[in-house]
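For reference, the structure discussed in these notes is given below.
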Amino acid sequence: MAAPDPLDFAAAIATGALRVVDLTATLTPDFPVIVLPPEFGQAAPVRIREISRYDGRGPGWYWNNITLGEHTGTHFDAPIHWYTGKDLPNNAVDTLPAEHMIAPACVIDCSGEAAADADFLLTRAHVEEWEEDHGRIPQGHWVLLRTDWSKRSPRDYANLKENGAHTPGPDADVMKWLVEERGILGFGTETIGTDAGQASHFEPPHPAHHFLHGAGRYGLQCLCNLDRLPPTGAILITAPLKILNGSGSPLRVLAVTRA
Amino acid sequence: MVEPLQQPERRHPLRRTRQPSLPPMGRSRAGMLLTRAATEGRFALQRCGECGAFCYPAHDVCPGCLSTDLKLTDAPNGGILVSKTVVRVPADVYFRERAPWRIGMVKLDCGPTVIAHLHADCREAEPVRLSLQLDKAGQAAAFARPAGDTANAADDRQWREMTSPPKFRRVLVTNGRSAVGQATAAALVAAGAKVHVGIAEPWKPFEAGKALEGCTVVPLDVTDERSVRDLAADIGGKVDILINTGEHTRPGGLIGRQGTATIMDEISQTYLGFVHLAQAFGPAMRARGADGVDSAAAWVNVFSVYALANWAAFGTTSAAEAACVSLSHCLRAELRAGGVRVVNLFTGPLDTEWFQTVPPPKVAPKAVAKAIVSALESGVEEVFVGDVAEDVRQRLEANPKALERDLGA
């Protein structure tokens, strides 16, 4: 069989036969970041400082210096981010295989459940029900959890209460199962983390981080526009910045689907 | 008799904003001794170490015995108003714009006769109390007030030139999440100001509660240049007093800290926060220094006293605050053209969460708030709040090296 011509792909996009969906939130200074107790080191929010804007600092050009954390805005988690993945080969954003940066995705719509319960947890039963409709999750796919969380105001998005953040995510059992039984490439969410807001109380704590990164898999978070993707059939382009030994990276996440 | 100050009218739509002018600024090196006393709210004169006489104006040698041993010494401030003059057409632009202007000769109980600015209720041949005030140019000027209390004394027109009273002024308190910020906002509302309070990261929980009753809460993240600029675009033209209550305290020294992330946060919250505020709000404040009863009047910084002497237990926080003290001197020089004063408060450890394990005495946030209002109403420029801060001040003057060793122990 002859290799497919990548120009066919370009042509399909140019003609509109394939649709490109941007799953990325805009990097703005007031976008919520993960909050830890203040005695810990903190993720830096986005800061944009003008170098010049067609003015005395540079008459003909506009540009900025930016600062932000590896885990600020729509971002990618590499296995080295968690202790469970610290000894794996090629576990940082600068060494992970480029082939993994283009991969198909399954989208599980839990927006109704998340609207009803901010602490909604995705379970194995939910995924098995999804599989009855859409088929078994193939190996090497992303699994994206649609909650419509990205449509919330910043305050409701972070949803911080006296006893911590209340945002939806997976339970421990489904994460272990997705990684071990389905061989997923990674797990993506609309919330600040791949884990639920209350996941530090789970067993193990932060199960998405624990199981994904322990098996060399990836995380994507702060995604948006998941409601514009089909349950299956989309591919994701997720190329993190090539940061030396980076634990993650803000990135532009693009999905390509049938029109 | 002083008429009580009235709520100022809104601006006339066609009138140009009055440009600030300043009283004469020149002082001799010796005269600067009096400026130093005025910044601290002390009444002090040179006193001869040999013959014991107080002298005024400032001299290089004692007018009585020609000794050069003239040290700034706290002096009794009582006297008698010998004569009173109203200057109706002064030659100087600043005083001409403010004429008629009262001055008088005060015979001090401690000896010298002083020509002083007069409060409206001073009567000839009656006792007065003299103080050294900072005028709009930031230099010491002698000011006489009646010895006793009089009605609406603080509303005297000439006294108001020497102070920055918050009454009827519009105030921005930069950090409404901190205990000091909340206490400050409440104290300023009580002092008759209209108060805006900044809240960073509005997506994080915030319960204003009773503390901010009567204030307007506005989004303000001093670490974000754009957030500060956006707020200045909204209210920059009507901030008469800005109170920078940053208060980002983190325990920890220098080499015990791994890396620089925490230190960058401190610099960002403390030093860059100050820079962003100054660049966004400074120009309009400087331009509005003579804009009527509610002109721009003062910029207040709340610093840790360890900005002046590094406390190793809070080593990098102290250093970030030290940078701000340096910056405040630059801002003071730049705002002087508008007659807007920069007031620095230095506090000892606050009675807040970040000083939880530090033993008392600690400064209550309300005490800081009270000191801010008092500084604005009395016109001082340097204030030490609490016993620890006062102790550090005295020890810095006596033996800074001993203090350094103790704070590093």
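If a residue has to be assigned to a strand (DSSP E or B) and more than 14 Å from chain A (Cβ to nearest Cβ) to count, how many in the range B:199-229 make the cut?
Taking the range B:199-229 and keeping what is assigned to a strand (DSSP E or B), we get B:199, B:216-219.
Subset that is more than 14 Å from chain A (Cβ to nearest Cβ): B:216.
Residues flagged as assigned to a strand (DSSP E or B) and more than 14 Å from chain A (Cβ to nearest Cβ) within the range B:199-229 amount to 1.
Determine whether A:Pro4 is more than 12 Å from every other protein chain (Cβ to nearest Cβ), outside any helix (DSSP H, G or I) and free of Cβ contacts under 8 Å to residues at least 12 places away in the same chain.
yes
Exactly one of (1) over 22 Å from A:Ala115 (Cα atoms); (2) within 14 Å of chain B (Cβ to nearest Cβ) is unmet by A:Trp142. Its number?
Failing condition for A:Trp142: (2).
Please enumerate the residues belonging to the range A:121-156 that are in a helix (DSSP H, G or I), under 21 Å from A:Gly73 (Cβ atoms) and touching a Pro at 6+ places or on another chain (Cβ under 9 Å).
Keep residues of the range A:121-156 that are in a helix (DSSP H, G or I), which gives A:124-134, A:149-151, A:154-156.
Pick out the ones that are also under 21 Å from A:Gly73 (Cβ atoms) and you get A:149-151, A:154-156.
Result: A:Trp149, A:Pro154, A:Arg155.
Can you name every residue in the range B:371-409 that is more than 21 Å from B:Ala313 (Cα to Cα), in contact with a strand residue (DSSP E or B) (Cβ under 9 Å, 6 or more places away or on another chain), surrounded by fewer than 19 Cβ atoms within 10 Å (Cβ to Cβ) and in contact (Cβ under 8 Å) with a residue 12 or more places away in the chain?
Hits for the range B:371-409 are B:Ser378, B:Glu382.
From the list B:Ala142, B:Ala125, exactly one residue is over 21 Å from the mean Cα position of the chain (by Cα) and touching a residue at least 24 places away in the same chain (Cβ under 8 Å). Which is it?
Values: B:Ala142 fails: over 21 Å from the mean Cα position of the chain (by Cα).
Of B:Ala142, B:Ala125, the one residue that is over 21 Å from the mean Cα position of the chain (by Cα) and touching a residue at least 24 places away in the same chain (Cβ under 8 Å) is B:Ala125.
Which condition does A:Glu162 not pass, out of (1) modelled with pLDDT of 95 or more; (2) within 14 Å of chain B (Cβ to nearest Cβ), if it passes all the others?
Result: A:Glu162 passes all but (1).
What number of residues within the range A:168-197 satisfy the criterion of being over 25 Å from A:Arg155 (Cβ atoms) and assigned to a loop (DSSP other than H, G, I, E, B)?
Here is the first cut: in the range A:168-197, the residues over 25 Å from A:Arg155 (Cβ atoms) are A:171-187.
This time we only want the ones that are assigned to a loop (DSSP other than H, G, I, E, B), so: A:171, A:181-185.
Result for the range A:168-197: 6.
Restricting to the range B:274-289, name every residue that is more than 12 Å from chain A (Cβ to nearest Cβ) and either among the β-branched types (Val, Ile, Thr) or in a helix (DSSP H, G or I) (or both).
Matches in the range B:274-289: B:Phe274, B:Leu277, B:Ala278, B:Ala280, B:Phe281, B:Gly282, B:Pro283, B:Ala284, B:Met285, B:Arg286, B:Ala287.
Report the residue count in the range A:165-195 for those that are within 11 Å of chain B (Cβ to nearest Cβ) and over 16 Å from the mean Cα position of the chain (by Cα).
The total comes to 1.
Can B:Ala232 be described as without any contact (Cβ under 8 Å) to a residue 60 or more places away in the chain, in a helix (DSSP H, G or I), within 24 Å of A:Asp30 (Cα to Cα) and away from chain A (no Cβ under 14 Å)?
It is true that B:Ala232 is without any contact (Cβ under 8 Å) to a residue 60 or more places away in the chain, in a helix (DSSP H, G or I), within 24 Å of A:Asp30 (Cα to Cα) and away from chain A (no Cβ under 14 Å).
Would you mention how many residues in the range B:69-100 are part of a strand (DSSP E or B) and out of contact with any Gly (no Cβ under 8 Å at 6 or more places or on another chain)?
8
When you scan the range B:376-409, how many residues do you find that are within 30 Å of B:Ala154 (Cα to Cα), outside any helix (DSSP H, G or I) and either more than 16 Å from the chain's Cα centre (by Cα) or among the charged types (D, E, K, R) (or both)? Reasoning before the result, please.
Pass one, the range B:376-409, residues within 30 Å of B:Ala154 (Cα to Cα): B:376-387, B:389-390, B:393.
Restricting the remaining residues to those that are outside any helix (DSSP H, G or I) gives B:379-386.
Subset that is either more than 16 Å from the chain's Cα centre (by Cα) or among the charged types (D, E, K, R) (or both): B:381-382, B:386.
Total meeting the criteria: 3.
Collect the residues in the range A:198-216 that are assigned to a loop (DSSP other than H, G, I, E, B) and either crowded, with 23+ Cβ neighbours inside 10 Å or out of contact with any helix residue (DSSP H, G or I) (no Cβ under 9 Å at 6 or more places or on another chain) (or both), keeping them in residue-number order.
Within the range A:198-216, just A:Gln198 meets the criteria.
Tell me, yes or no, whether the range B:305-328 has at least one residue that is within 14 Å of another protein chain (Cβ to nearest Cβ) and free of Cβ contacts under 8 Å to residues at least 40 places away in the same chain.
Within the range B:305-328, not a single residue is within 14 Å of another protein chain (Cβ to nearest Cβ) and free of Cβ contacts under 8 Å to residues at least 40 places away in the same chain.
The values are calculated or read from the model by the stated rules, or taken from the named source; none is laboratory data. Remember, it's a predicted structure, so these values are computed and weren't measured experimentally. Reconstructed Cβ throughout: ideal geometry from the backbone, glycine too, with neighbour counts over all protein chains shown.
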